[in-house]
Amino acid sequence: MTQYSMSFIAKIHHLFELCLEVSELEYNSNKKIEKELKKPHFSMAELNELNTGFEKQLEKLKSDFNLLLFYVFKESRNENFYFTDCPFQVYQNFYKKRKRHFLRYNFDAREKDFICLELSKFENPNFKKGLSFAYKDLNEYMLNFKQTKINFNALRRQANKFEPIISFNKKFLRLNYARLFCPTEAWTFTLQRKMEFLTQKLACLEELQIKPETISETPSNLFTTNQSVLLLDQLGVFASPYFENIAKSKQAEILSRLLGKNAKNIKSAIEKLDKSAFDVGQGFTRDMAKIQAVFNQLEYPVE
């Protein structure tokens, strides 16, 4: 039984059908243009008319595709469905699995290489965008609504007709939708969150590589006020019922007694927790890297 809801699979099915339409449109348009060009006295007016008709139909299909992709984007967080432009929460959920897959097939690579590749992908708007889905899930949906199963074997035999927008393997289809994609504000925020996440991961790895001994040898002298607040946040102190409903000034006053640090500076550090890494600067990222390095050593101790 598929892990996705039928309403969600229906949207994936419609995306697939739209990609089939785009592929058919491009294939047929190219055939017509080739036929016209083979004539001894081909007509530029006819070629222009063919191109104009093609562009008009393509824009309509692209508009339909992006509207549907946005609904897939909205639902994919609840469905925990990964694709290139999925919401940040889904990307985070799949990070370790995708990293393991990358390292398994790239023997000499390290996590840093995976992160750098991901960042370059997000920084390049022309990078491939993919959405993969299992044949069995789509055909289960078709049978559920008493429709004919999709003959994916037949489609695979005609793969050249659908490339590069659709590719088929033994169990999955992949929609390569970069040429159809029109980014909106929702995608922009998602992209920023992913890049912040990856940048912090990279900073943690570099910090661990440069100063692996500092954290283990001198923990009592390691933390500044900001680092102390970040550590307490990671430990869930600010989400506890004792803290989350009291004013930040009161929180700072209590922590001042615990940490022996200036309450005003503590309050300022607490306020930074609600801001993005871009807003608080590189110092915040470095501090977060130090705290994350502590947790990394607990999970993966350096020998």
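For this structure, a couple of remarks:
- Residue ID - nearest to R110 (Cα to Cα), chosen from residues in region 183-202 that are buried (at least 17 other Cβ atoms within 10 Å of the Cβ) and hydroxyl-bearing (S, T, Y): T199
- One residue from Y4, Y91 being open to solvent by less than 70 Å² (accessible area, probe 1.4 Å) and not in a helix (DSSP H, G or I): Y4
- For S167, the conditions (1) of a type in the set (S, T, Y); (2) in a helix (DSSP H, G or I); (3) free of Cβ contacts under 8 Å to residues at least 40 places away in the same chain are fulfilled apart from (2).
- Looking across L25, L15, one residue alone is without any contact (Cβ under 8 Å) to a residue 40 or more places away in the chain, open to solvent by less than 40 Å² (accessible area, probe 1.4 Å), of a type outside the set (G, A, S) and in a helix (DSSP H, G or I). It is L25.
- Options K128, K121; residue that is within 17 Å of the chain's Cα centre (by Cα) and either of a type in the set (V, I, T) or under 17 Å from F197 (Cα atoms) (or both): K121
- Number of the exception - T84 against (1) polar (S, T, N, Q); (2) open to solvent by less than 30 Å² (accessible area, probe 1.4 Å); (3) within 26 Å of R193 (Cβ to Cβ); (4) assigned to a helix (DSSP H, G or I): (4)
- Identity of the residue in region 94-128, aliphatic (A, V, I, L, M) and assigned to a helix (DSSP H, G or I), that ends up most open to solvent (accessible area, probe 1.4 Å): L117
- Odd one out for Y71, checked against (1) outside any helix (DSSP H, G or I); (2) open to solvent by 70 Å² or more (accessible area, probe 1.4 Å); (3) among the aromatic types (F, W, Y): (1)
The values are calculated or read from the model by the stated rules, or taken from the named source; none is laboratory data. The shown structure was predicted, so the numbers you read here are calculated from the model rather than taken from an experiment. A quick note on method: Cβ atoms are made from the backbone with ideal geometry, for glycine too, and the neighbour counts reach across all protein chains shown. Accessible surface areas use protein heavy atoms only, side chains included; no ligands, DNA or RNA. Shrake-Rupley method; radii C 1.70, N 1.55, O 1.52, S 1.80 Å.
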